[in-house]
Amino acid sequence: MLISFFQGACATQGIDQEEGRSILKKLHDAGVVMHYEDVEELNRWVYTKPEETMAAFTRVRYVEGRRRV
């Protein structure tokens with residue numbers, strides 16, 4: 001999901017941006033979501049199914065047992 005969607009959901013619950021950022025970091029640290037605030041190419045996205053995201057990444061990186069570069 002886009003980070004703006006997450007921020008909007010927080011705002012609806014009365015959670016300000018600073019607290020929302022803190023919650024998101026804790027969820028990331030716990031492995032519930034993936035969010036890379038410091039990576040410009042990724043910081044607009046919150047990945048809500050980290051296991052599926054990593055499985056898809058692995059499938060893309062490895063084709064028929066050979067590592068793709």
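If each residue of separation counts as 0.36 nm, what is the full-extension length gain between E52 and T12 once their alpha-carbon separation is subtracted?
Computed gain between E52 and T12 is 11.6 nm.
Applying a 10 Å radius around every beta-carbon, put 24-30, 44-50, 8-14 in order of their mean neighbour count, most first.
Listed from highest to lowest mean packing, they are 44-50, 24-30, 8-14.
Gain in length, D38 to R59, computed as 0.36 nm per residue apart minus the alpha-carbon separation, to one decimal in nm?
5.0 nm is the gain from fully extending D38 to R59.
Determine, from the Cβ-Cβ distance of D29 and L2 and an R0 of 25 Å, the FRET efficiency 1/(1 + (r/R0)^6), rounded to the nearest 0.05.
0.75
Under a Cβ-Cβ cut-off of 13 Å, what is the net charge of the residues other than M1 that fall near it, where Lys and Arg count +1 and Asp and Glu count -1?
+2
Read-outs throughout are calculated quantities, based only on the coordinates presented, and are distinct from any laboratory measurement. Everything numeric here is computed off the predicted structure, so don't read it as measured data. Cβ atoms come from the backbone with ideal geometry, glycine included; neighbour counts cover every protein chain shown.
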